[in-house]
Structures are given as C-alpha cells and as structure tokens.
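Step one of this worksheet: look at the structure below.
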Amino acid sequence: MPQSNLHLQRVFSDAFRQLDRGHRRFRLDIGDIEVKFYPYAGLHHTIRVRAGRVYVRLSDLLQTAPPEVLRALAFLLVARLLSRKTPRDQERIYRSYVFSPQVLRASDIARRQRGRKVISTANGQVYDLERIFSRLNRRYFAGEIEKPVLTWSKRRARSILGHHDAAHDTITISKALDSREVPEWFVEYILFHEMLHIKHPARIINGRRYYHTAAFRAEEQRFGRYRKAQEWLDRVVRQGRELRARAA
Ligand SMILES: [Zn+2]
C-alpha cells in the first residue's frame, strides 16, 4: 500500500483542523482517527463518529491514488461530516481524478466482479440522505447511531414514507420526498423517525411486536420541528395529496 495509514490519519487530522477551525466541534488526536480501505462495489466512502473516534472507510479503488487526491477526498468527507461547504479546489481535484477514464473503468470492473448492489442511491435529485443522516446523528444521537445502508426507494411510494429494515440494516425513504416541494426538515423528520427504530429495537410482548414504544414516542418529540412535522403530515393527508402520513 503506497499510503501508510499514519499518513492518511495525518491527512484527515489536517482536514479536521482546517475545516473545524474555531468551532472545535471535535477534539481529535491522530490516534482517534481510523482510516481503512474497503472493497466497496463502487467508488463509495464513509465517515462516521462514534464515542469521540472517527472511522473512515475509503473505496480500495483509491489505494493507488496520488496523495493530493486522497487529501482532496479527506476534505470532501470531513466537510460532509461537518455539514460544511466543500472547498471548491479540493472538489475539483477529486472529481477530475475519479472521472478519469482509467478510474471509471476500474470502478466499473469492480462493480461487476464484486457483484453487489451499488449503494449510490442515497444521493437523490434534491436531498442527500447520507448528509442528512450525519447531521441528525450528530445533533440528536451524539454520533452514536451506526450508519445503516441509506437509500431512496426505487418507486415513488405514497403510502409509506420511510422504512427501517433491521434484517438488512437498511433505511429506505420514499422517493416522493426527494422533491423541491418537500421541505428539508420534513425529510429530516422522516429519517429521524427511522433512526429511532435503530436506537429502539422492536419489543416483543405476548408474541406481538411493538415498534413505537413509549420510549420511542417520547424521544421522537425531541425532534426540533416535531409539531410542525405532524401538522404538515395532517395537512397533506387532509388535502388528499399524494404524500400520506405514515412513517412505518
Ligand atoms: Zn415507525
């Protein structure tokens, strides 16, 4: 591996120092950052925070990328984690590399050979679920919800706006919400509800499964615009519009 892990830890630590300046949202030592390459099916990378440690997984397709590309990627990921704007020059460096013919071809081959479902549908036409997830995770869960597979539904489901599938560790959000007509806080609310399903697993009482326990409902009200979200659901339902009020 051309990039030593320590080198990558430094690169990420540097990105945090520059992007988190003044705010000090994270106090990180180099040892608090773990960077690993992972054989994702495509060019996919993740970054998450858990108990004060940062875990980064980079597509192994970038294992041989030049140092400046990995540095640019570090800025992209850290900016996403902090909900900051990505520095333009870094974005350009990263994009021009990953959209080069060799990398596109390598990613194509990996996708076919690894034969897995590509997790690229988290980024919708309007909203990026990964970004919203990170923000909610930080704001409401101290970063402690393990990131599931996040995906927009293939079809514009109208009856169920969100769904958490524990067996497949997947949250699916109806594509009907990936629209400019839907306010971002409403998408946040639906995703927040599904994240609570991860935190509060279903309880089985007398052979029946209870998903929305009292603890679940109490915590759901911590959502900043909880009332507004409920009103919005009600109004939409009353108007008989296509979005229906159910987050399963
Ligand atoms: Zn639910």
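The values are calculated or read from the model by the stated rules, or taken from the named source; none is laboratory data. All values derive from a computational prediction rather than experimental measurement. Note: ideal-geometry Cβ built from the backbone for every residue, glycine included; neighbour counts use all protein chains shown. The accessibility values were calculated without ligands, DNA or RNA, using every heavy atom of the protein model including side chains. Shrake-Rupley method; radii C 1.70, N 1.55, O 1.52, S 1.80 Å.
Kindly indicate which of 56, 69, 49, 78 is in a strand (DSSP E or B) and at pLDDT 90 or above.
On the way: 69 fails: in a strand (DSSP E or B); 49 fails: at pLDDT 90 or above; 78 fails: in a strand (DSSP E or B).
Just a single option satisfies the conditions, and that option is 56.
Go through segment 201-243 and give me each residue that's within 20 Å of residue 172 (Cβ to Cβ), within 14 Å of the ligand (Cβ to nearest atom) and either at pLDDT below 85 or not in a loop (DSSP other than H, G, I, E, B) (or both).
Going residue by residue through segment 201-243, those that are within 20 Å of residue 172 (Cβ to Cβ) are 201-202, 209, 211-212, 216, 220, 223, 229, 233, 236, 242-243.
The next check asks that each one be within 14 Å of the ligand (Cβ to nearest atom); those that pass are 201-202, 209, 211-212, 216, 220, 223, 229, 233.
Listed by number, the residues that qualify are 209, 216, 220, 229, 233.
If you go through segment 171-200 one residue at a time, how many are part of a loop (DSSP other than H, G, I, E, B) and either over 20 Å from the mean Cα position of the chain (by Cα) or polar (S, T, N, Q) (or both)?
Residues meeting the conditions: 3.
Looking only at segment 20-46, how many residues end up being outside any helix (DSSP H, G or I), of a type in the set (A, V, I, L, M, F, W, C) and open to solvent by 20 Å² or more (accessible area, probe 1.4 Å)?
Adding up the residues that qualify gives 4.
Please determine whether any residue of segment 120-137 is under 25 Å from residue 196 (Cα atoms), part of a helix (DSSP H, G or I) and within 16 Å of the ligand (Cβ to nearest atom).
Yes: segment 120-137 contains one or more residues that are under 25 Å from residue 196 (Cα atoms), part of a helix (DSSP H, G or I) and within 16 Å of the ligand (Cβ to nearest atom).
So for segment 139-159 (the condition being part of a loop (DSSP other than H, G, I, E, B), hydrophobic (A, V, I, L, M, F, W, C) and open to solvent by 60 Å² or more (accessible area, probe 1.4 Å)), does at least one residue qualify?
yes
From 95, 111, 105, grab the single residue that is of a type outside the set (Gly, Ala, Ser), open to solvent by 60 Å² or more (accessible area, probe 1.4 Å), part of a helix (DSSP H, G or I) and in contact (Cβ under 8 Å) with a residue 60 or more places away in the chain.
Details: 95 fails: in contact (Cβ under 8 Å) with a residue 60 or more places away in the chain; 105 fails: in contact (Cβ under 8 Å) with a residue 60 or more places away in the chain.
Sole residue among the options that is of a type outside the set (Gly, Ala, Ser), open to solvent by 60 Å² or more (accessible area, probe 1.4 Å), part of a helix (DSSP H, G or I) and in contact (Cβ under 8 Å) with a residue 60 or more places away in the chain: 111.
Test of understanding: among 194, 181, which residue is open to solvent by 50 Å² or more (accessible area, probe 1.4 Å) and either without any contact (Cβ under 8 Å) to a residue 60 or more places away in the chain or away from the ligand (no atom under 16 Å from the Cβ) (or both)?
Testing whether each residue is open to solvent by 50 Å² or more (accessible area, probe 1.4 Å) and either without any contact (Cβ under 8 Å) to a residue 60 or more places away in the chain or away from the ligand (no atom under 16 Å from the Cβ) (or both) leaves just 181.
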